[in-house]
C-alpha cells in the first residue's frame with residue numbers, strides 16, 4: 001500500500017538543471033576554468049554542494065567557511081539565471097494536489113540548500129502540500145547514500161518500502177533504492193538509457209496518478 005511520495009527537487013519538480021549548469025560554468029569561468037555539460041551530469045548533478053566543491057577543488061583542503069562562501073556564490077548565480085524561467089514540471093501540480101486530497105503524505109528530499117528551497121516555493125507556492133522537507137543541511141552523507149530518503153521516511157513515520165521516490169539523477173536513484181523506495185526517474189537531465197536502475201521512467205508527471213503509484217509499490221520487482 002502506498003504510504004508516501006518523496007520528491008527530489010532539482011531536475012525533478014522543476015527542469016532547472018540547465019541553469020545549474022550555467023551557474024557552475026560561470027563559477028568556473030571566474031576562476032579561468034571550464035566545465036562541460038557531460039562533466040556536470042557525471043560529477044555534480046544530484047550531489048550536495050559540499051561534495052561537489054570537493055570535486056571542483058580536488059587536491060585542496062576547504063574549510064567550512066570556504067564551502068559556505070562558494071555555495072552562496074554559485075547558488076546566487078543560479079537563482080539570478082533561473083528566476084525568469086521557473087515553472088513546475090508538466091503534471092506535477094495535479095499529482096501533488098491529488099496525493100494531498102487522498103491523504104498521502106508528501107516529502108521533499110533534496111541535496112539543495114534552504115535558500116533555494118525557499119526560492120522554489122516563492123515562485124511555486126505549494127509548500128503547504130509538503131508534510132516534511134529534508135535538505136542537505138539535515139544529513140551527514142549525500143546521495144547516493146540512502147540517508148536522506150531514510151530520514152524523509154522516518155520523519156513521515158512510514159516504511160520506505162511503502163514509498164515512491166521521484167528522481168532525475170543517477171545518485172538520487174541509488175539513494176532512494178538503497179533506502180528501499182520504489183523509484184520513478186524523470187528524463188529531464190539524463191536519457192532513459194542512463195536511468196535503467198529506476199523502477200519506472202517518465203518524461204514528466206502527466207502519466208503518473210494514484211493508481212500508478214499504488215501499482216508500483218505493490219510490484220515485486
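One table, with the values for the structure above:
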{"read-out": "Hits in region 178-205 (condition: in a strand (DSSP E or B) and farther than 20 Å from residue 133 by Cβ)", "value": "182, 185, 200, 201, 202"}
{"read-out": "Test set (1) closer than 30 Å to residue 161 by Cα; (2) assigned to a helix (DSSP H, G or I) - residue 46 fails condition number", "value": "(2)"}
{"read-out": "Residue match in region 63-70 (condition: in a loop (DSSP other than H, G, I, E, B), under 22 Å from residue 139 (Cα atoms), over 18 Å from the mean Cα position of the chain (by Cα) and not assigned by TED's automatic domain parsing to the domain that holds residue 130)", "value": "yes"}
{"read-out": "Single match in 173, 201, 148, 126 (criterion: in contact (Cβ under 8 Å) with a residue 24 or more places away in the chain and surrounded by fewer than 20 Cβ atoms within 10 Å (Cβ to Cβ))", "value": "126"}
{"read-out": "Criterion violated by residue 109 - all others in (1) modelled with pLDDT under 95; (2) within 19 Å of residue 139 (Cα to Cα); (3) surrounded by 14 or more Cβ atoms within 10 Å (Cβ to Cβ) satisfied", "value": "(1)"}
{"read-out": "Test: residue 49 is at pLDDT below 95, within 25 Å of residue 137 (Cα to Cα), buried (at least 20 other Cβ atoms within 10 Å of the Cβ) and touching a strand residue (DSSP E or B) at 6+ places or on another chain (Cβ under 7 Å)", "value": "no"}
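The values are calculated or read from the model by the stated rules, or taken from the named source; none is laboratory data. Quick caveat, the model's predicted, so the values are computed rather than measured. Glycine also receives a Cβ, built like all others from the backbone with ideal geometry; neighbour counts cover every protein chain displayed.
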